[in-house]
Amino acid sequence: MSAVPPVPVRSPLTGALSGTTAVLVGGSSGIGLAAAVLLRSVGARVVLVGRDRDRLNAAVSRVRGASAADGHDGAHDPDDAVLYVVGDGGDERVLAEAFDRAGHVDHMFVTAGGLSGAGPLAGLSADGIRSACDSRLQTAFTTARTAASRLPAGGSLTFSSGILVVRPAPGMAAPLSVAGAVETLTRALAVELAPERVRVNTVRYGRIDTPLLRSLPGLDSDEAVAAAGSTTPLGRFGTAEEAAASALFLMANHYMTGQILTVDGGETLA
Ligand SMILES: NC(=O)c1ccc[n+]([C@@H]2O[C@H](COP(=O)([O-])OP(=O)(O)OC[C@H]3O[C@@H](n4cnc5c(N)ncnc54)[C@H](OP(=O)(O)O)[C@@H]3O)[C@@H](O)[C@H]2O)c1
């Protein structure tokens, strides 16, 4: 029996992602959309996955527009540089379609997931708990199974979680326990998939200025976001681009696996 070769050595700089392809599960908004723009700017192909067709179409136009504007090769983008699939990231058929459309995929970044199941413990229904699991953990397992069977050696799977996992707020038991489970799953999968030379990491986010953040009570204007952000150690919330850049780092660096990378402007230290 021949030994499995080690994970391939590549430049760990994100420019080395040129020519690779990434599936972004949750690519139609916020951090996932910012990752798509950054990946195109370094010459990678992207496949955006999201449930809402209109939002996805708008996101595809934005990524193509940004790619053309930064003068990379956007003006002459091949037709398959920005692909998309409408559907739920928890559905294996949706992810299979994303891989089939791309032909070859190197990396997956999962930003799907929100605050399903939020609410005080006393009011939590079985359905609420189930919806928290379905929204994040089911998607994590589905993407993991797809990654395990279809990513090449050196490929990567990156999940998202949040700093409330280590600094909980009341009324968040269901979504936070599920996000914590995704962090544990990250380490378990890193060990399990290492023989395939597939890497698994999570980015744990602080408060990042995205449509999700602005959907929270009291954060629906620039002034409110600036005022709330001014109380953080660095005086503002993170940008979606800053949040997305960490995912590109994890994709590009072939020696990163099993890690929970915190991007929070120092908020967990305060
Ligand atoms: N922003 C923050 O301050 C913050 C802080 C901590 C953690 N996070 C985490 O970081 C991740 C990204 O957050 P964000 O702020 O970028 O959120 P966002 O702006 O709401 O974007 C989420 C994206 O995921 C898609 N999505 C949601 N559920 C999906 C599903 N089941 N299948 C496919 N696509 C799905 C959404 O589109 P559709 O709804 O159309 O499907 C949307 O494109 C989330 O997991 C969030 O919990 C964010």
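The values are calculated or read from the model by the stated rules, or taken from the named source; none is laboratory data. This structure is a prediction, so every number in the text was calculated from the model and none was measured. When we count neighbours, we look across all protein chains shown, and the Cβ atoms used for this are built from the backbone with ideal geometry, even at glycine.
Against the condition under 17 Å from the mean Cα position of the chain (by Cα), surrounded by fewer than 16 Cβ atoms within 10 Å (Cβ to Cβ), modelled with pLDDT of 95 or more and of a type outside the set (Asp, Glu), how does ARG167 come out, does it pass?
no
What single numbered condition from (1) of a type outside the set (Ser, Thr, Tyr); (2) in contact (Cβ under 8 Å) with a residue 60 or more places away in the chain; (3) not in a helix (DSSP H, G or I) fails to hold for PRO78?
Going through the list (1) of a type outside the set (Ser, Thr, Tyr); (2) in contact (Cβ under 8 Å) with a residue 60 or more places away in the chain; (3) not in a helix (DSSP H, G or I), PRO78 breaks only (2).
Please enumerate the residues belonging to the stretch 237-266 that are in contact with a Ser or Thr (Cβ under 6 Å, 6 or more places away or on another chain) and either of a type in the set (A, V, I, L, M, F, W, C) or crowded, with 23+ Cβ neighbours inside 10 Å (or both).
ALA240, ALA247, LEU248, LEU250, MET251, ALA252, ILE260, LEU261, VAL263
Yes or no, residue by residue, for (1) assigned to a loop (DSSP other than H, G, I, E, B); (2) within 30 Å of GLY103 (Cβ to Cβ); (3) in contact (Cβ under 8 Å) with a residue 24 or more places away in the chain:
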{"residue": "GLY154", "(1), (2), (3)": "yes, yes, yes"}
{"residue": "PRO168", "(1), (2), (3)": "yes, no, no"}
{"residue": "LEU185", "(1), (2), (3)": "no, yes, yes"}
{"residue": "THR202", "(1), (2), (3)": "no, yes, yes"}
{"residue": "ALA224", "(1), (2), (3)": "no, no, no"}
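Which one is farthest from LEU33 (Cα to Cα), of the residues in the stretch 57-75 that are modelled with pLDDT under 70 and part of a helix (DSSP H, G or I)?
If we take residues in the stretch 57-75 being modelled with pLDDT under 70 and part of a helix (DSSP H, G or I), then ALA75 is farthest from LEU33 (Cα to Cα).
From the residues in the stretch 210-224 that are near the ligand (Cβ under 9 Å from one of its atoms) and not hydrophobic (A, V, I, L, M, F, W, C), which one is nearest to the chain's Cα centre (by Cα)?
THR210
Which of the following residues is free of Cβ contacts under 8 Å to residues at least 24 places away in the same chain, farther than 19 Å from ALA140 by Cα and among the polar types (S, T, N, Q): SER2, SER18, SER11, SER41?
Result of the check over SER2, SER18, SER11, SER41: SER2.
Can you tell me how many residues within the stretch 1-56 are in a loop (DSSP other than H, G, I, E, B) and hydroxyl-bearing (Ser, Thr, Tyr)?
Of the residues in the stretch 1-56, 6 are in a loop (DSSP other than H, G, I, E, B) and hydroxyl-bearing (Ser, Thr, Tyr).
Would you confirm whether any residue within the stretch 230-240 is touching a residue at least 40 places away in the same chain (Cβ under 8 Å) and under 30 Å from SER11 (Cα atoms)?
Looking for residues that are touching a residue at least 40 places away in the same chain (Cβ under 8 Å) and under 30 Å from SER11 (Cα atoms), one finds at least one in the stretch 230-240, hence yes.
Looking at the stretch 186-199, is at least one residue within 16 Å of the ligand (Cβ to nearest atom), within 22 Å of LEU269 (Cα to Cα) and touching a Ser or Thr at 6+ places or on another chain (Cβ under 7 Å)?
no
Give me a count of the residues in the stretch 46-56 that are surrounded by fewer than 24 Cβ atoms within 10 Å (Cβ to Cβ) and either at positive phi or touching a residue at least 12 places away in the same chain (Cβ under 8 Å) (or both).
5
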